[in-house]
Each structure stands twice: as structure tokens, then as C-alpha cells.
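The values are calculated or read from the model by the stated rules, or taken from the named source; none is laboratory data. Here the structure is a predicted model, which is why all the values come from computation and not from measurement. Note that we place each Cβ from the backbone using ideal geometry, even for glycine, and neighbour counts take in every protein chain shown.
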Amino acid sequence: MKASRGRSSFLLAAALSISAVQAQNATTLTATGCVDSSGMEDCLNTANSRWNECTSNAGNDQQVIACSWGQSTDQIACTLQSCWNKVYSCEYQVLVGSLLNQQLTQPANPIPFWPAPDNAPGGCDCNFGQIYENSTANLNLISTLCPQYTGSLSNALTICQCCAWSAAVTAFYGICPGYDLSTYGLASLDQGAINNENIGGSCAGLTSDICLGEFGIGSADEGTYYDPASLPAGGTKVLSTTTGPGLLTTPPGYQTTTVTLLSEVYTVTAAAYNAKDVGAGTGSGSSSSSDDDNHTSSGSGGTSSNSSNSGSDTKGNSASGLWVWDSIPVGVLGVREFSERKDE
């Protein structure tokens, strides 16, 4: 494997629910249609093997979750290397969203190509990055905005919290209307909102005059604020990749690049474009190419350092190295530091 593995959020359950359904829909990350389909397949298989090895050595459920994070970062690196033509696709965007939703704090380094810009080449017709950012920003208001109403003689605290929860779940409808996103985090996020209602009281009857006018909490769905306990049914539109201004045929901003995913550094070299692989999703992979220039470039949603060095493991470790934990996690959502070591 040439890709070497070296946010306040309330959505752990939501992220896990995304992962659970990937095998049943078009958001499954596969080698089909990649610029280097055989290289992508090998890379994904290696990531799976490393996950199996990691979980077999895990001592508790928290470490099993951490193994899954390692698998996700491996898969992201695989995409940057052998499937860069799909970095704006539903598959990649759901993968990144699922990983970020499980982090207690936002990673210090942004993940490349997240969130995807509007009308991105080969993009997803539902912008999961915008949903993630909108929902998270609204959820953060529960702890940053609403506490100022604690001790108020009115029920302002409860209403503020309701507005934040409502705006977070409403984002799914406003940003991607017509889709059923219940299995993409909406159902689990909504359950958190319902639990809040069970403690604080009903969130029905919210309006723009209340939420935006009194608390400054906007809605992504044209001023609508849904009651989390009574959400409308999902739509029937099917997620798909859009052409946008055209499909990617050259690496978007890098040839060889070093990226940090969570705490691990990966060096990846973009594979050469193979029209046969992209069109049919089969065929032999082409060798990686490199650039003669050393430079720094940034893709949408992330910055990376580029060079003409090969895409070898920056730590000198084999792809079969174990993931180990350098710090003691604080709770299930604690961000774990990953490092690698060779098998002894």
C-alpha cells in the first residue's frame, strides 16, 4: 500500500449508523470507477486487514472504535492516492463525515476536499459536508449560546435549546430536500433531540420569529423549524454522483502530497489517470506518477504539502504494522492518538 498512515460533535451514534448501512447503498467506498481500480482495491484490502489485526489486539470497546477510525483514515488515504477522481463523491464525503462525527474535538488539520464545494466535479447531489457543518454549528449553540439564559424567570433556556436541536435536524431537510437521510445520521441525531425534549419539554411550534428573531438561530430550510418529535417523512430521491462542470481527469491540486488525518501523517502519490478504469471500474492499475516541482497546494476543505518524493511510508513502517494507543482515551468520544509499529 503506497498510502502510508503516519470537532465538538454530539453525533457518535449518528456516525455509526452511517457506517452500518454503507453496504446497502451507493455510498459504499469501492474501487469501481477509480483512476487506478486495482491499486484502490489492494489498498482497501490492506486497510481491512489492518483493521482486523487491530481489533484482534484491542482490549476494550473503545479501542475497537479507535481501530475503525484507523481504517477510515486509511481509506481516505487510499482515495487520495488511487481514486482522486471521486474525492467529491457521495462515497468519500460520507466516509469523511462518518469519521468526523465521532470526534469530540475537531482535528487540528482539515481533511482534504471536505466539505465539497457546490457543483463540484464528480460531486454528490447531497452535500453531506454542509449538513455536518450546519448541524454541528447549531448543536454547539447549546453550550455556547443557551447557557446565558440559565436562571431566567422565563423558559428561554429551554426554547433556545429547542431551537438549536431543531435547526440541527432541519438542516438535513433544507440542504438535501427530497431524500431519506434517516440512515445517514438523521435518525440518531433526532433521537438525541427527542431525549432533550423528554427532559426539557416539547419543541413544537417553533418559528423563525422565535428562533432567529429572539436567539439568532437560523434554519437551513427557509425558516422552517421542525419538531424533532414529529419529523416529516423522508423523500424518495436516490443519492447519486453529479457531473458538475465535468469529471476530474487530473489530480485536484497535488501530485505527491503529505496529509495529516487525525494525528497520523500519510504520504500519497496520485495514480495516473486511466480512462478504462474510470469508465468500467476494472482493469489493471497504472503506476503512480510524480511531479518535478516541490510546492504547497490546497484542495477544497483541506491543505496539504506537496513534493516530488515517492509515496513511501514516511515512518518506514510496513502496511501490516499494528495500530497502538499513545494516550488514554477520555470517554468513548475521546480522540485517540495513533502510531504504528512493525510486527516484532
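Within segment 158-197, the residues that satisfy the criterion of being more than 18 Å from the chain's Cα centre (by Cα) and of a type in the set (Phe, Trp, Tyr) are Trp165, Tyr173, Tyr179.
Considered as a group, the residues in segment 181-220 that are β-branched (Val, Ile, Thr) and at pLDDT 90 or above include one that is farthest from Ser154 (Cα to Cα), and that residue is Ile194.
Picking from residues in segment 124-159 that are farther than 28 Å from Pro107 by Cα and either hydroxyl-bearing (Ser, Thr, Tyr) or assigned to a helix (DSSP H, G or I) (or both), the one that is modelled with the lowest pLDDT is Ser152. In segment 195-254, the residue that is surrounded by the fewest Cβ atoms within 10 Å (Cβ to Cβ) out of those that are closer than 30 Å to Ala272 by Cα and among the β-branched types (Val, Ile, Thr) is Thr243.
Among the candidates Gly223, Gly246, the residue that is part of a loop (DSSP other than H, G, I, E, B), among the small types (Gly, Ala, Ser) and modelled with pLDDT under 90 is uniquely Gly246. Evaluate the following for Gln93: is it outside any loop (DSSP other than H, G, I, E, B), out of contact with any Lys or Arg (no Cβ under 9 Å at 6 or more places or on another chain) and closer than 24 Å to Cys163 by Cα? Taking the combined requirement at face value, the residue does not satisfy it.
If you take the residues of segment 98-121 that are touching a helix residue (DSSP H, G or I) at 6+ places or on another chain (Cβ under 6 Å) and part of a loop (DSSP other than H, G, I, E, B), which of them is nearest to Gly185 (Cα to Cα)? In this case the residue turns out to be Asn101. The condition of being closer than 22 Å to Cys126 by Cβ and not charged (D, E, K, R) holds for only one of Gln62, Gln93, Gln81, that being Gln93.
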